[in-house]
Amino acid sequence: MADPEVLYAQKVHFTLLPTTPLVTLEEAEVDPEPVATELDGITECSVSEAADSVDTNYYGGDGYKKNAATLTGLTISLSGHRVRGNPAQDALEGQFRKIGYLHVIRDADATAGLRGKRYKVRVMSFDSGGPSSDVDKLTVSLTGQGAPVAV
């Protein structure tokens, strides 16, 4: 039996354009000129894929319906802590109902095309808050707008 693969993301970035260079928080501390695109405070990033289907046979000889898979839908959920002043979180909040790009980097040291994936997404919800005595929690839901691209 194979060992289970640990699912993790080294870095998660959000940009308004697909070609924006990714800038980590550490790089932005050294040189504040490029704005950090890394999402700070994210503790969970889950990507769900689901296929739609259509019925293809209404008069099957065996009495059972058949269907064909059509489109694939992407739903991405982010959660963690709201870090006010984080440029990437602020951009994410500003893109509510608009298009942006989520970059999930699994191995920053890998060669191009193997580092992770870039998802064109629409920001569907941006929730920030929680009990007054707790930290400011963040929950964001994103809907994919096409196929992911290897980065």
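The values are calculated or read from the model by the stated rules, or taken from the named source; none is laboratory data. Just so it is clear, the model here is predicted, and its values are computed rather than measured. Heads up, the Cβs are rebuilt from the backbone with ideal geometry, glycines too, and the neighbour counts pull from every protein chain shown. Remember, those area values only see protein heavy atoms, side chains included, never the ligands or the DNA or RNA. Shrake-Rupley method; radii C 1.70, N 1.55, O 1.52, S 1.80 Å.
Of the candidates 29, 49, 33, the single residue that is of a type in the set (D, E, K, R), open to solvent by 70 Å² or more (accessible area, probe 1.4 Å), assigned to a loop (DSSP other than H, G, I, E, B) and out of contact with any helix residue (DSSP H, G or I) (no Cβ under 9 Å at 6 or more places or on another chain) is 33. Quick check on segment 105-124: of everything there that is modelled with pLDDT under 95 and of a type outside the set (D, E, K, R), which residue is nearest to residue 9 (Cα to Cα)? Across segment 105-124, the extreme among qualifying residues is 105.
Output the number of residues of segment 69-88 satisfying the condition of being open to solvent by 40 Å² or more (accessible area, probe 1.4 Å), hydrophobic (A, V, I, L, M, F, W, C) and under 23 Å from residue 144 (Cβ atoms). Walk me through it before giving the result.
Kept after step one, since they are open to solvent by 40 Å² or more (accessible area, probe 1.4 Å), are these residues of segment 69-88: 69-72, 75, 77, 81, 83-85, 87.
Keeping just the survivors that are hydrophobic (A, V, I, L, M, F, W, C) gives 69, 71, 83.
Next, only the ones that are under 23 Å from residue 144 (Cβ atoms) stay: 69, 71.
Count: 2.
Residue-by-condition table, conditions (1) more than 17 Å from the chain's Cα centre (by Cα); (2) in a loop (DSSP other than H, G, I, E, B):
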position: 85; (1), (2): yes, yes
position: 90; (1), (2): no, no
position: 93; (1), (2): no, no
position: 100; (1), (2): no, no
position: 107; (1), (2): no, yes
position: 111; (1), (2): yes, yes
position: 131; (1), (2): yes, yes
position: 134; (1), (2): yes, yes
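Evaluating residue 56 against the criteria (1) open to solvent by 80 Å² or more (accessible area, probe 1.4 Å); (2) in a strand (DSSP E or B); (3) at pLDDT 90 or above; (4) among the hydroxyl-bearing types (Ser, Thr, Tyr) leaves one unmet condition, (3). Across segment 18-45, the number of residues qualifying as touching a Leu at 6+ places or on another chain (Cβ under 6 Å) and within 16 Å of residue 107 (Cα to Cα) comes to 2.
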